[in-house]
Structure formats: structure tokens, C-alpha cells
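Visitor: The structure follows.
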Amino acid sequence: ITNSANSHNLTFLNLKNWEQHALLNTGICQIELWELEKALAVFEELLTHKHDELIAENLEDLYNPSVDVLAAFLYSYLGDTAKASELVERFDLAMQLQSLSITGHRLLFLGLTYKNLGKTSKSQQMFQQAIAYANEHHYTQVKANALSGIAEIYREQQDFDRAIAHHHQAIELLGKIGAKCDLAEAHFQLGLTLRMCDRVAESKLNCDRAIQLFNEMSAPRQIEKVKIFY
């Protein structure tokens with residue numbers, strides 16, 4: 001292959017790499033807006049790798065393991081547990097083969113995925129690892145979301161006192177950094193827990209706060225989600 005052809009191939013691969021990162025970021029934004037079906041369509045496109053022979057030969061350079069994690073979360077939430085489990089297992093194997101550690105946001109989505117799959121112990125392990133990662137790297141957003149995830153687990157176990165304590169910790173941290181989407185979700189999750197404790201007025205206050213924040217984000221699907229459980 002000539003130098004000119006090599007240069008052309010490298011340019012082409014770089015463009016495809018940028019395209020994949022753009023799709024990944026689009027999918028993440030759609031998750032935040034709770035447009036889960038649209039997000040899944042984006043990640044399914046990334047998973048299929050419908051590219052020509054040149055790209056197929058360079059998949060390792062283009063593949064982003066976050067795609068497996070985020071797609072697994074979406075499948076688990078939308079009810080395709082078999083596909084979610086398959087992607088989580090593939091991700092775990094890739095991490096083991098490459099001897100890589102799992103970073104903060106991947107730990108969070110793995111925790112949520114395992115929770116949706118009914119693997120509570122594994123879910124809590126992921127959230128605890130996320131907190132350890134956040135403490136080491138001073139990543140407040142990751143720590144707060146992990147605390148919120150643990151609170152959900154305690155709620156499912158009907159350990160409401162510990163759940164509420166973790167919800168409040170998450171809300172306090174997220175309020176300090178102004179993470180609007182995560183703060184809204186944390187208020188919503190606290191509202192769900194309080195409702196299960198028959199603390200209806202407090203539950204409504206937190207759900208109202210979640211709706212206010214989601215409205216500021218122009219996230220109608222998130223608002224619909226809150227109102228369904230209102």
C-alpha cells in the first residue's frame with residue numbers, strides 16, 4: 001500500500017472515530033432526556049459495526065467499551081434482560097483480557113444494569129467501587145449518583161431509613177455542583193422512597209422539585225416519568 005493510500009485510510013478511520021464519539025455523546029444526551037428508545041437505536045447502530053472491510057480490520061482501534069455498558073443499561077431497563085446480560089458479560093471479558101480498570105460512569109451504569117437484572121449484590125459492589133473511584137479522583141458527581149443507586153437498593157430491601165439517608169447525601173452533593181439532571185433524578189428517587197413510607201407530602205415536594213428541574217432542562221419525557229409514579 002502506498003503512503004498516499006495509508007494516509008487516506010488513516011484519515012478515513014479518524015473520521016469514523018469522530019463519528020462514533022458523536023453518536024456516543026448523542027446517545028448519552030438522549031438517556032439524560034429519558035428518550036430511551038432513541039438512545040438504544042443509537043447504541044444499536046454502534047454495536048452493529050456496519051462498516052466496510054477497512055474498518056472491520058480496525059475495530060479494536062474504534063471500539064469503545066462504554067457502548068456495551070450503556071446499551072446493556074438500556075436493554076435492562078426496556079426489558080431485554082438476555083441482551084443486557086450478554087453485553088455485560090462481553091464487557092467483563094474485555095476488561096479481564098486487557099487488564100483494565102473500570103472508570104466511574106461505567107461503574108454507575110453497570111450498577112444500575114445489575115440492579116435491573118436482579119443481581120443486587122453485584123449492583124451494590126459496582127456502586128461501592130464507583131464511590132471508591134470518586135473518592136480517589138475527587139469526582140463528586142459519580143459519588144453522588146452511586147449513593148443514589150445504593151439508596152434504590154435499600155428501598156427495594158425496605159430498609160427505608162438507610163435509603164433516605166443515602167438519598168439525602170446524594171442530593172446534598174449534587175446540589176453543591178449544580179448537576180441539574182442528576183439532582184432532579186435524586187429528588188425523584190427520594191420521592192419514591194418517601195411515598196413507600198407513606199410520607200406523601202414530603203414525597204410530593206421532592207417529585208415537584210424533580211419536575212421543576214427537568215422542566216428547566218426541557219426534558220418532557222423525564223417529566224412524564226415522574227408523573228407516572230406521582
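Visitor: Going by alpha carbons, how many degrees (0 to 90, nearest 10) lie between the helix axis of 200-216 and the longest principal axis of the chain?
Guide: 30 degrees
Visitor: For the chain, set up a GNM with springs between Cα atoms under 10 Å and report which of Cys207, Cys181, Cys29 has the largest fluctuation.
Guide: Comparing Cys207, Cys181, Cys29 in a Gaussian network model of the chain, the most mobile one is Cys29.
Visitor: Using Stokes-Einstein with the Kirkwood hydrodynamic radius over Cα pairs, what translational diffusion coefficient do you get for the stretch 93-189 at 25 °C and a viscosity of 0.890 mPa s, in µm²/s rounded to a whole number?
Guide: After rounding, the answer is 183 µm²/s.
Visitor: May I pose another question? Round to the nearest 10 and report in Å² the accessible area of Tyr139, as given by a 1.4 Å probe over the protein chains' heavy atoms.
Guide: Its heavy atoms expose roughly 80 Å² to the probe.
Visitor: If you don't mind, there's one more thing I want to ask. Return the carbon/sulfur percentage of the accessible area of the chain, one whole number, probe 1.4 Å, all protein chains in place.
Guide: Roughly 52 percent of what the probe reaches on the chain is carbon or sulfur.
Visitor: To continue, here is another question. Could the peptides 220-227, 189-196 be put in order, highest first, of the mean number of other beta-carbon atoms found within 10 Å of their residues?
Guide: With the highest mean Cβ count within 10 Å placed first, the list reads 189-196, 220-227.
Visitor: Which three lengths, in whole Å and largest first, does the chain cover when its Cα atoms are put on their principal axes?
Guide: 71, 36, 34
Visitor: In addition: Across the stretch 176-230, what fraction of all alpha-carbon pairs, as a whole percent, falls in each successive 10 Å bin from zero upward?
Guide: 29, 55, 16, 0
Visitor: Over 22 Å between Cα atoms: which of Lys143/Lys225; Lys204/Lys225; Lys143/Lys227; Lys122/Lys143 fall into that group?
Guide: From the list (Lys143/Lys225; Lys204/Lys225; Lys143/Lys227; Lys122/Lys143), the Cα-Cα distance tops 22 Å for Lys143/Lys225; Lys143/Lys227.
Visitor: Over the chain, with a Gaussian network built from C-alpha contacts below 10 Å, which listed residue (Gly149, Gly79, Gly27) shows the highest mean-square fluctuation?
Guide: Among Gly149, Gly79, Gly27, the largest mean-square fluctuation in the Gaussian network model of the chain belongs to Gly79.
Visitor: Which whole number in µm²/s is D for the stretch 129-181 by Stokes-Einstein, with the Kirkwood Rh taken over Cα pairs at 4 °C and 1.567 mPa s?
Guide: 117 µm²/s
Visitor: For the chain, what is the accessible area per residue in Å², given a 1.4 Å probe and the full set of protein chains?
Guide: With all protein chains present, the chain gives 53 Å² per residue.
Visitor: Over all directions, what mean area does the Cα convex hull of the stretch 61-142 project, stated in square nanometres?
Guide: 5.5 nm²
The values are calculated or read from the model by the stated rules, or taken from the named source; none is laboratory data. Just so you know, these numbers come straight off a predicted model, no measurement behind them. Here the Cβ is made from the backbone with ideal geometry for all residues, glycine too, and neighbour counts use every protein chain on show. What goes into the accessible areas is simple: the full protein's heavy atoms, side chains included, and nothing from ligands, DNA or RNA. Shrake-Rupley method; radii C 1.70, N 1.55, O 1.52, S 1.80 Å.
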